[in-house]
Amino acid sequence: MLSTELAGVKLKSPTVLASGILGVTGASLAAVAKAGAGAVTSKSISLQGRKGHPTPVIATYSQGMVNAVGLSNAGVDETLAEIEFAVKNAGAPVIASIFASTITEFGKVAGAVSQANPDIIEVNISCPNVEDEFGRPFACDPGIAAVVTKKVKKSTNIPIFVKLSPNVPNIAPIAKAVQNEGADGITAVNTVGPGMVINIEAAAPVLTNKVGGVSGPAIKPIAVKCVYEAYKATGLPIIGTGGVTTGRDAVEMIMAGASAAGIGTGVYYRGPEIFSKVSEEIQEFMDKEGYKSIDEMRGVAHEER
Amino acid sequence: MKNDEFIVVRLEEVHRESGDTTTLTIPYKLNSKPGQFVMLWLPGKGEKPISISGEKEGKFQVSVCAVGPFSEAVSKLKKGDKIGFRGPFGTHFKIPKDSTSLAMVGGGYGSAPLSYLAEEATAQGKKVYFIEGARTKARLLFTERMKQAGAEVLLCTDDGSEGPKCYSPDVLKTVLETHKIDKVFTCGPEIMMKKVAELSKEAKIRCEVSMERYMKCGIGICGQCCVDDIGLCLCTNGPIIPGDLALEIKEFGSYHRDSTGKKV
């Protein structure tokens, strides 16, 4: 009853490990899949390796966390073996997340990562903690988002999900723009902000990068609204990500229009067991309310009363 | 809701140990256990995971060896300077209730968490054989502290300047052959720990090792410290793990990943 589909890719549970969490190594991705995730997403991969920002890169606060890991990764050549390991051992669909600083590079990374045969490629055009280096995320402009989508789509035969930013006045035209260029689905949303946490005894921002993307329970209403708008505009499969910590949160995302719920910061609160726990909680809710499938719940919040 | 914000306090004491090691006394009741670590933060200088080298009477200690820009900055701190930390994190060494004799094998800075453990063990009335190896005499750490705690201290050095000229697992081998040991604990270079875990396994004695990897978050999410091929996340499922489990980890004693995730 919990099965769902993302652009033809079948998931046993509508829970997806979000990019940036436990996704550096293939072994770790496989372990999270075995802990119950319906699909797992790698940490974002670029053409060349990147060291990322200096620590501290994560600051928790009362309602979530702020991070500026800075897209560290070993580069696509080094990382291929990690994705291959995950594809071979996870027993669940593997989503390879990619990013780049130019349109051309997006095409190259997408082509290169396809060699590892991930089930889906997630196109991260929305990281908010590298603005100093990359400027405003591509996801903030429908025109640029469309061009990136077109380029990636041309470079691979694997279904692509474009990861959008919540930091825009209206996500709908951007969702529509990537759909028009062939996006097979949308991941909504990346972190909010950027935001800042100041430690008052140290009288200084906690993150060395000073600012970072905000995640966790605090951003859930923003994420739900973005999923709702993106679904209304496109009807595409959506991985609804942002503040999902319980099965009830996941149901909320699905009712807004998501086909699956992404979980990232929630792993901090409930450990890798969160995936099996959330699945059980979704099932309990469905039993109580008489829903027979994820598909039946999907987008029901759009119905006029 | 769960939160691991930094706590920032003023240092109560700064003590220079042998070599390049400095022990900081931080006035805060952490409720830590031997083997656990904190993420230590110096605003502007960065953040690193550091094992806890002791805690009593509402204060805890960390011992830092000056090996890079961060630890050098920490080494220059003075009493009254501010320091930030979050934790304690990770798993801890477990002293079995039914044990009487314990062996601890430390190498280099690995002796820091083991001295914390040895003090707890002797306070519980356990017999402790504290085996410590170093390149040379001047690099041996906490030997006086261990003697004061009542441990039987067995030293060895690579150059023979203190104790026999051999490696600490060689000393452990002799101890295991001549004494009834209930459990072995080890912390130090991985090649040493691997040898210790293998010797303990052969002798059918329980063993715990302290295994660490490059860590960014300390709270089980960034994925930087997950090890091959089992995907175990060492900041939350470690650093203290059974020796047998460590021997199942492909990279134990052979490779690790740098801050980008590249194997080195």
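The values are calculated or read from the model by the stated rules, or taken from the named source; none is laboratory data. Just so we're clear, the structure is a prediction, and the values are computed from it rather than from any experiment. Counting neighbours? That spans all protein chains shown, and the Cβs are built from the backbone with ideal geometry, glycine included. These accessible areas exclude ligands, DNA and RNA; they are computed on the full protein's heavy atoms, side chains included. Shrake-Rupley method; radii C 1.70, N 1.55, O 1.52, S 1.80 Å.
How many residues does the stretch B:14-25 hold that are modelled with pLDDT of 95 or more and either assigned to a loop (DSSP other than H, G, I, E, B) or buried (at least 22 other Cβ atoms within 10 Å of the Cβ) (or both)?
1
Suppose the filter is touching a strand residue (DSSP E or B) at 6+ places or on another chain (Cβ under 9 Å), within 10 Å of chain A (Cβ to nearest Cβ) and either open to solvent by 20 Å² or more (accessible area, probe 1.4 Å) or modelled with pLDDT under 95 (or both); does B:Leu232 pass it?
In short, yes.
To keep it simple, each residue is scored yes or no on (1) of a type outside the set (A, V, I, L, M); (2) buried (at least 21 other Cβ atoms within 10 Å of the Cβ).
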| position | (1), (2) |
| --- | --- |
| B:Glu55 | yes, yes |
| B:Lys59 | yes, no |
| B:Glu72 | yes, no |
| B:Lys76 | yes, no |
| B:Asp81 | yes, no |
| B:Gly90 | yes, yes |
| B:Ala103 | no, yes |
| B:Gly108 | yes, no |
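Within the stretch A:193-212, identify whether any single residue is out of contact with any Asp or Glu (no Cβ under 8 Å at 6 or more places or on another chain) and under 21 Å from A:Val109 (Cα atoms), and answer yes or no.
Taking every residue of the stretch A:193-212 in turn, none turns out to be out of contact with any Asp or Glu (no Cβ under 8 Å at 6 or more places or on another chain) and under 21 Å from A:Val109 (Cα atoms).
In the stretch B:41-96, how many residues are on the phi > 0 side of the Ramachandran plot and of a type outside the set (Gly, Ala, Ser)?
Number satisfying all stated conditions: 1.
Give just the number: which of (1) more than 14 Å from chain A (Cβ to nearest Cβ); (2) over 14 Å from the mean Cα position of the chain (by Cα); (3) among the basic types (Lys, Arg) does B:Lys2 not satisfy?
The number of the failed condition is (1).
Could you list, in sequence order, the residues of the stretch A:1-43 that are assigned to a loop (DSSP other than H, G, I, E, B), more than 14 Å from chain B (Cβ to nearest Cβ) and open to solvent by less than 30 Å² (accessible area, probe 1.4 Å)?
A:Leu2, A:Ser13, A:Pro14, A:Gly38
I'd like the residue in the stretch B:164-175 that is in contact with a helix residue (DSSP H, G or I) (Cβ under 8 Å, 6 or more places away or on another chain) and part of a loop (DSSP other than H, G, I, E, B) and, out of all such residues, is least open to solvent (accessible area, probe 1.4 Å).
B:Pro164
Out of the strands (runs of 3 or more DSSP E) lying entirely within the stretch B:37-76, which hold 3 or more residues that are within 23 Å of A:Ala203 (Cβ to Cβ) and without any contact (Cβ under 8 Å) to a residue 40 or more places away in the chain?
The qualifying strands (runs of 3 or more DSSP E) are B:46-56.
Return the residue satisfying two criteria in turn: it lies in the stretch B:46-64 and is more than 9 Å from chain A (Cβ to nearest Cβ) and closer than 19 Å to B:Lys216 by Cα, and of such residues it is nearest to the chain's Cα centre (by Cα).
B:Ser51
Can you confirm whether the stretch A:153-169 contains a residue that is assigned to a loop (DSSP other than H, G, I, E, B) and charged (D, E, K, R)?
The answer is no; no qualifying residue exists.
Going through the stretch B:110-134 one residue at a time, which ones are surrounded by fewer than 24 Cβ atoms within 10 Å (Cβ to Cβ), closer than 19 Å to B:Glu177 by Cβ and touching a residue at least 40 places away in the same chain (Cβ under 8 Å)?
B:Tyr129
So in the stretch B:210-226, with the set limited to residues that are in contact with a Lys or Arg (Cβ under 9 Å, 6 or more places away or on another chain) and either surrounded by fewer than 22 Cβ atoms within 10 Å (Cβ to Cβ) or facing chain A (nearest Cβ under 7 Å) (or both), which one is farthest from B:Val184 (Cα to Cα)?
B:Cys222
Could you list, in sequence order, all residues of the stretch B:139-160 that are open to solvent by 70 Å² or more (accessible area, probe 1.4 Å) and either free of Cβ contacts under 8 Å to residues at least 24 places away in the same chain or in a helix (DSSP H, G or I) (or both)?
B:Arg139, B:Glu144, B:Lys147, B:Gln148
Scan the stretch B:235-256 residue by residue and report those that are part of a strand (DSSP E or B) and crowded, with 21+ Cβ neighbours inside 10 Å.
Those that are part of a strand (DSSP E or B) and crowded, with 21+ Cβ neighbours inside 10 Å: B:Ile240, B:Ile241.
Only one residue in A:Gly135, A:Gly193 is touching a residue at least 24 places away in the same chain (Cβ under 8 Å), at positive phi and not polar (S, T, N, Q), so which one is that?
A:Gly193
Could you identify the single residue in A:Ser46, A:Ser72 that is farther than 26 Å from A:Arg270 by Cβ and either more than 11 Å from chain B (Cβ to nearest Cβ) or among the small types (Gly, Ala, Ser) (or both)?
Of A:Ser46, A:Ser72, the one residue that is farther than 26 Å from A:Arg270 by Cβ and either more than 11 Å from chain B (Cβ to nearest Cβ) or among the small types (Gly, Ala, Ser) (or both) is A:Ser46.
Can you tell me which residue in the stretch A:129-148 is nearest to the chain's Cα centre (by Cα), limited to those that are within 20 Å of A:Pro237 (Cβ to Cβ) and surrounded by 24 or more Cβ atoms within 10 Å (Cβ to Cβ)?
That would be A:Ala139.
Which of the residues spanning the stretch A:263-299 are among the small types (Gly, Ala, Ser) and away from every other protein chain (no Cβ under 14 Å)?
Scanning the stretch A:263-299 gives A:Ser276, A:Ser279, A:Gly290, A:Ser293, A:Gly299.
Out of A:Phe99, A:Phe106, A:Phe85, A:Phe134, I need the residue that is under 17 Å from A:Ala39 (Cα atoms) and among the aromatic types (Phe, Trp, Tyr). Which one?
The unique qualifying residue is A:Phe85.
Would you confirm whether any residue within the stretch B:176-194 is of a type in the set (S, T, N, Q) and open to solvent by 10 Å² or more (accessible area, probe 1.4 Å)?
Taking every residue of the stretch B:176-194 in turn, at least one turns out to be of a type in the set (S, T, N, Q) and open to solvent by 10 Å² or more (accessible area, probe 1.4 Å).
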